[in-house]
6 protein chains.
Amino acid sequence: MEKKEIWLESLITKNPQEGYELAIKLSRMGVKSTQPDIEVLKKLRKEYANSASGLTAASHVIAVNFQTISAANKYWK
Amino acid sequence: MEKKEIWLESLITKNPQEGYELAIKLSRMGVKSTQPDIEVLKKLRKEYANSASGLTAASHVIAVNFQTISAANKYWK
Amino acid sequence: MEKKEIWLESLITKNPQEGYELAIKLSRMGVKSTQPDIEVLKKLRKEYANSASGLTAASHVIAVNFQTISAANKYWK
Amino acid sequence: MEKKEIWLESLITKNPQEGYELAIKLSRMGVKSTQPDIEVLKKLRKEYANSASGLTAASHVIAVNFQTISAANKYWK
Amino acid sequence: MEKKEIWLESLITKNPQEGYELAIKLSRMGVKSTQPDIEVLKKLRKEYANSASGLTAASHVIAVNFQTISAANKYWK
Amino acid sequence: MEKKEIWLESLITKNPQEGYELAIKLSRMGVKSTQPDIEVLKKLRKEYANSASGLTAASHVIAVNFQTISAANKYWK
């Protein structure tokens with residue numbers, strides 16, 4: 001994760017769908033913070049994108065981050 | 001995930017059962033955002049739908065999303 | 001999951017134990033929504049009901065759903 | 001789980017430690033609800049009680065249930 | 001877990017770091033409640049302390065317990 | 001974890017991105033508390049940083065810690 005680059009300005013989004021997209025972004029940044037090498041990530045992506053358990057695990061992390069973002073946005077009400 | 005298509009307008013549902021169905025939808029979108037190829041998804045679905053641990057993992061993701069949706073709906077009270 | 005059938009009318013239960021039973025039901029519906037074939041489910045059930053990690057994973061999903069139901073019932077106070 | 005037997009009267013406990021013990025009980029009931037046969041459970045217990053990942057997974061389920069019980073008791077304050 | 005011994009008097013700690021240490025303690029008690037034999041625990045500890053997935057799983061349980069303790073302490077504000 | 005060293009003064013951060021960085025730090029401290037040997041950690045890091053499931057699991061732990069930190073900061077609003 002490049003420290004100087006701003007990639008997360010706010011948890012507030014216009015609507016639930018953009019909130020879900022931010023949850024996906026957060027989940028990917030969690031991966032990137034551990035493995036910053038884009039080439040390695042591309043190779044691994046192919047691997048887990050073709051594995052049922054890998055995809056379910058990815059959806060799980062998104063769900064946890066979406067919980068945070070939904071609370072931050074007071075559920076867009 | 002096709003960005004232009006609106007698939008999540010609101011977290012509010014009429015009742016708990018529709019909330020549960022929305023939780024299922026969110027869980028599937030989490031998978032789709034990582035693997036958008038429908039043919040690959042169909043093949044993998046067969047795989048984890050016949051695996052005890054795969055089904056339990058799927059139910060786990062739904063449970064996390066249902067927690068978010070239930071809070072958004074103030075538990076339909 | 002048969003859409004027309006009402007299986008989740010409310011998250012409110014009379015007491016914590018009934019809340020726990022509802023959490024079990026939700027967890028099973030999560031499985032059923034992915035694999036609706038009862039015969040397959042019966043076969044798989046035998047499998048994970050005899051696996052330590054399968055049983056712990058099942059208990060985990062119930063715990064997440066019980067958290068939702070407990071909050072909905074304001075912890076039965 | 002024998003339906004007639006009352007095993008969960010309340011989520012309220014006298015102190016955090018009793019709350020933790022209740023969390024352990026809930027976690028075990030989650031297992032028992034899926035596999036009610038005591039003999040099978042005894043055999044499986046030996047298995048996961050000697051597996052690092054099995055013990056960590058058990059501790060994880062207890063942590064989720066302890067979260068619920070702690071909230072129910074307003075953190076014993 | 002020896003029932004007579006008091007090991008958890010309160011969830012309140014002086015500061016976040018002590019809260020994190022309490023989260024570690026809770027996570028270990030979860031393990032101990034399932035496997036009380038210290039010799040077995042020592043042997044297994046060596047095993048998962050040298051496994052990447054074992055260490056990540058341990059950190060996950062600590063994170064869940066830290067969530068509970070942080071809420072109990074109103075985030076030390 | 002060296003007990004005398006202060007590594008977690010507060011859960012409050014200036015903005016969401018610094019909160020996310022703190023979540024990464026907490027996740028790593030969870031690992032370090034179980035395996036304090038830096039050389040072992042370096043070796044294991046190489047291992048899971050090249051494993052799709054290891055990276056997803058790391059992102060999951062960060063997501064749980066980010067939930068705690070976001071609540072502590074009232075979502076930076």
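All of the numbers you see were taken from the coordinates with simple rules; none came from a lab. The shown structure was predicted, so the numbers you read here are calculated from the model rather than taken from an experiment. Every residue, glycine as well, gets a Cβ built from its backbone with ideal geometry; the counts of neighbours run over all protein chains shown.
Per-residue mean of other chain beta-carbon atoms within 10 angstrom of the beta-carbon, peptide A:5-16?
Working: counts 1, 3, 3, 9, 4, 6, 8, 4, 0, 0, 4, 10.
The per-residue average across the peptide is 4.
How large is the charge dipole for the protein assembly as shown, taken about the Cα centre, if only the Cβ atoms of Lys, Arg (+1) and Asp, Glu (-1) carry charge, to the nearest 20 debye?
Details: 72 positive and 48 negative charges, 71 e Å.
Roughly 340 debye for the protein assembly as shown.
So what is the relative contact order of chain B, in percent, for Cα pairs below 8 Å that sit 6 or more residues apart?
Working: 46 pairs, mean separation 37.9, N = 77.
It rounds to 49 percent for chain B.
Assuming R0 = 22 Å, what is the FRET efficiency of D:Lys77 and F:Lys74, from their Cβ-Cβ distance, to the nearest 0.05?
Numbers: r = 20 Å, r/R0 = 0.91.
The pair D:Lys77/F:Lys74 has a calculated efficiency of 0.65.
Rounded, prolate or oblate for segment A:1-73? Axes are the square roots of the Cα gyration tensor eigenvalues, ordered a ≥ b ≥ c, and the cut-off for rounded is a/c under 1.5.
Values: a/c = 2.72, a/b = 1.30, b/c = 2.09.
In terms of gyration-tensor shape, oblate.
Specify the inter-centroid distance of segment E:32-77 and segment B:21-48, based on alpha-carbon positions, in whole Å.
32 Å
Give the range of the longest stretch in chain B that excludes all GluC sites (Glu not before Pro) found in loop regions by DSSP and having at most 12 other beta-carbon atoms within 10 Å. Don't skip to the answer; put the middle values down first.
Numbers: sites that count: B:Glu2, B:Glu5, B:Glu9.
Answer - B:10-77.
About the Cα centre of chain B, what is the dipole size in debye to 20, counting +1 per Lys and Arg Cβ and -1 per Asp and Glu Cβ, all else neutral?
Details: 12 positive and 8 negative charges, 20 e Å.
It comes to approximately 100 debye.
In nm, one decimal, shortest first: how far is the label point of C:Lys25 (7 Å from Cα along Cα to beta carbon) from the matching points in the other copies?
Those separations, rounded to one decimal, come out as 2.3, 2.3, 4.1, 4.1, 4.7 nm.
With runs of 4+ DSSP H residues as the only contributors, calculate the mean residue ellipticity of the protein assembly as shown at 222 nm using -39,500 (n - 2.57) per run, divided by the residue total and rounded to the nearest 500. Walk me through the intermediate numbers first.
Numbers: 18 runs with 306 residues, N = 462.
Here the helix-only value at 222 nm equals -22000 deg cm²/dmol.
From the square roots a ≥ b ≥ c of the eigenvalues of the alpha-carbon gyration tensor of the protein assembly as shown, which class results: rounded (a/c under 1.5), prolate (a/b over b/c), or oblate?
Details: a/c = 1.20, a/b = 1.00, b/c = 1.19.
Because its axes are fairly even, with a/c under 1.5, the protein assembly as shown counts as rounded.
List the chymotrypsin sites (Phe, Trp or Tyr not before Pro) within chain E that fall in a DSSP loop (any state other than H, G, I, E or B) and whose Cβ has at most 14 other Cβ atoms within 10 Å.
Working: sites: E:Trp7, E:Tyr20, E:Tyr48, E:Phe66, E:Tyr75, E:Trp76; in loops: E:Trp7.
The qualifying sites are E:Trp7.
Shielding by partners for B:24-32, please: the mean number of other protein chain Cβ atoms within 10 Å of each residue's Cβ. Numbers along the way, then the final one.
Details: counts 5, 0, 7, 8, 4, 6, 15, 8, 2.
Average per residue, whole number: 6.
Lys and Arg at +1, Asp and Glu at -1: add these up for the other residues within a Cβ distance under 12 Å of A:Lys74 and post the number. Write down the numbers at each step before the final one.
Values: positive: A:Lys77, B:Lys74, F:Lys74, F:Lys77; negative: none.
Overall, the nearby charge balance is +4.
Only counting other Cβ atoms within 10 Å, I'd like A:Ser51, F:Ser10, F:Ser27 sorted with the fewest neighbours first.
Details: A:Ser51 18, F:Ser10 13, F:Ser27 27.
Starting with the residue having the fewest Cβ neighbours, the order is F:Ser10, A:Ser51, F:Ser27.
Listed here are the pairs D:Lys43/E:Lys32; A:Lys14/B:Lys42; D:Lys32/E:Lys32; A:Lys32/F:Lys32; C:Lys77/E:Lys32; which of them are more than 23 Å apart at the Cα? Working shown, then result.
On the way: D:Lys43/E:Lys32 18 Å; A:Lys14/B:Lys42 32 Å; D:Lys32/E:Lys32 20 Å; A:Lys32/F:Lys32 20 Å; C:Lys77/E:Lys32 31 Å.
Beyond 23 Å: A:Lys14/B:Lys42; C:Lys77/E:Lys32.
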